Amino acid sequence: METNKPTEFHSIKEVAAYAHVGPPAIYLAISNGRLKATKKNNRLIVTLEDLEEYQLTKYNRDRKKINGQLVFDVKNGQFSVFHVSKILSEMFRRPYHVQRIYYFIYAGKIRASKKGSAWVISREALEEFVLAEGAHPSCAASS
């Protein structure tokens with residue numbers, strides 16, 4: 001089944017809905033020059049091509065690099081607080097909110113290191129925490 005993609009959007013609400021973000025994010029991207037928009041009849045018009053270009057280049061913490069290396073590299077066992085929250089929630093089948101993970105870091109229950117402004121949790125540190133919580137560490141390593 002083929003879906004008809006619009007070639008241009010005539011409202012910020014349309015753009016935001018298509019991009020799965022809120023209207024303030026679209027206004028900010030336009031005002032910062034990261035998303036192209038033209039005015040037509042006192043309305044902002046964004047083309048699908050410009051929106052797709054913006055989506056490819058917008059900030060994504062998972063792709064953040066410091067000194068040419070990824071800060072978070074799930075394949076090599078370097079997780080973000082968000083990743084650990086998702087892993088533990090799935091593993092224990094109960095919510096492990098991001099705030100709870102930060103608490104565990106500050107309380108010393110999960111070892112983590114800082115890379116820039118981000119906390120990075122290694123696979124080994126996650127496995128230690130999982131053992132202390134009472135689950136098998138192979139569950140953490142496979143996520």
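Details
- Over the chain, Cα pairs under 8 Å with separation of 6+ residues give a relative contact order of 15 percent.
- Tilt relative to the chain, helix 81-92 - C-alpha long axis, 0 to 90 degrees, to 10: 60 degrees
- Highest-first arrangement of 23-31, 92-100, where packing means the average Cβ count within 10 Å: 23-31, 92-100
- Relative exposure of Thr38, Thr47, judged by other C-beta atoms within 10 Å (fewest first): Thr38, Thr47
- Unit Cα scatterers, Debye sum, the chain: log10 I(q)/I(0) for q = 0.18 Å⁻¹: -0.95
- Taking the fewest neighbouring Cβ atoms within 10 Å as the starting point, the ordered list for Val120, Val46 is Val120, Val46.
Bear in mind these aren't lab numbers, they're just calculated from the coordinates by the rules spelled out. This is a predicted model, so every value here is computed, not measured. Heads up, the Cβs are rebuilt from the backbone with ideal geometry, glycines too, and the neighbour counts pull from every protein chain shown.
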